[in-house]
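Readers should treat all values here as calculations from the given coordinates under stated rules, not as data from a laboratory. This structure is a prediction, so every number in the text was calculated from the model and none was measured. Every residue, glycine as well, gets a Cβ built from its backbone with ideal geometry; the counts of neighbours run over all protein chains shown.
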Amino acid sequence: MAGLLQGLGPVVDANTRLVVLGSFPGVASLAAQQYYGHPRNHFWPILGALWQADLMPLPYAQRLEAIRARGLGLWDVYARCEREGSLDSAIESAEFNDLASLKTQAPQLQAIAHNGGESARAIKHTQSLGWAVHRLPSTSPANASWSFERKLAAWRAVFEQHGVA
């Protein structure tokens with residue numbers, strides 16, 4: 001088993017209205033120190049389709065500026081864990097992020113959207129924090145049972161509800 005891996009920090013600001021919570025960054029994301037860094041992950045293409053903007057060619061810092069400008073934030077449920085590879089099913093010894101800190105980091109926050117099933121395992125915890133909570137289909141390439149169009153429709157509904165579409 002690999003040693004304890006450290007996740008990425010939150011991408012939020014005072015204008016964040018919706019935070020997408022993943023589980024924990026995969027190998028490609030950790031190596032790049034970027035959320036959704038695997039080239040086959042549908043996260044950035046879904047945002048591009050929602051916002052009618054091709055985000056993929058932009059440098060990562062500009063993609064983060066674009067999401068902040070729309071009121072979207074990013075973080076993960078887990079701060080640290082042990083895991084071989086990138087599959088959520090391999091996560092062990094996970095330690096939670098201080099999600100309650102979002103109350104001060106993102107005072108306009110309306111909702112949390114869990115990106116996939118492993119993230120949604122924390123749904124009781126996130127519901128206890130007082131925001132609306134949604135479960136979205138995973139954007140991971142491992143979630144091949146959902147087509148891009150079906151994922152996009154689910155994500156669009158939540159983003160529109162919270163004014164970040």
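Looking only at the range 1-35, count every residue that is among the hydroxyl-bearing types (S, T, Y) and out of contact with any Leu (no Cβ under 8 Å at 6 or more places or on another chain) and tell me the total. Outline the logic, then answer.
So in the range 1-35, the residues among the hydroxyl-bearing types (S, T, Y) come out as 16, 23, 29, 35.
Now narrow it down to the ones that are out of contact with any Leu (no Cβ under 8 Å at 6 or more places or on another chain): 23.
Selection size over the range 1-35: 1.
Would you call V19 of a type in the set (V, I, T), under 16 Å from A79 (Cα atoms) and buried (at least 22 other Cβ atoms within 10 Å of the Cβ)? Full working, then the answer.
Details: of a type in the set (V, I, T): yes; under 16 Å from A79 (Cα atoms): yes; buried (at least 22 other Cβ atoms within 10 Å of the Cβ): yes.
Yes; evaluated as a whole, the condition is true for this residue.
Looking for something in contact with a Gly (Cβ under 9 Å, 6 or more places away or on another chain), in contact (Cβ under 8 Å) with a residue 40 or more places away in the chain and on the phi < 0 side of the Ramachandran plot - is there at least one such residue anywhere in the range 117-125?
Keep residues of the range 117-125 that are in contact with a Gly (Cβ under 9 Å, 6 or more places away or on another chain), which gives 118-119.
Then keep just the ones that are in contact (Cβ under 8 Å) with a residue 40 or more places away in the chain; that gives 118-119.
Remaining after also requiring on the phi < 0 side of the Ramachandran plot: 118-119.
Among the residues of the range 117-125, at least one is in contact with a Gly (Cβ under 9 Å, 6 or more places away or on another chain), in contact (Cβ under 8 Å) with a residue 40 or more places away in the chain and on the phi < 0 side of the Ramachandran plot, which makes the answer yes.
Kindly list the number of the only condition in (1) under 12 Å from the mean Cα position of the chain (by Cα); (2) part of a loop (DSSP other than H, G, I, E, B) that fails for V20.
(2) is the only condition that V20 fails.
Output the residue which, of all residues in the range 138-149 that are in contact with a Lys or Arg (Cβ under 9 Å, 6 or more places away or on another chain) and surrounded by fewer than 20 Cβ atoms within 10 Å (Cβ to Cβ), is nearest to H42 (Cα to Cα).
The initial filter retains those residues of the range 138-149 that are in contact with a Lys or Arg (Cβ under 9 Å, 6 or more places away or on another chain), namely 138-141, 143.
After this cut, where a residue has to be surrounded by fewer than 20 Cβ atoms within 10 Å (Cβ to Cβ) as well, the list is 141, 143.
Details: P141: 7, N143: 10 Å.
Looking at the filtered set, the residue picked out is P141.
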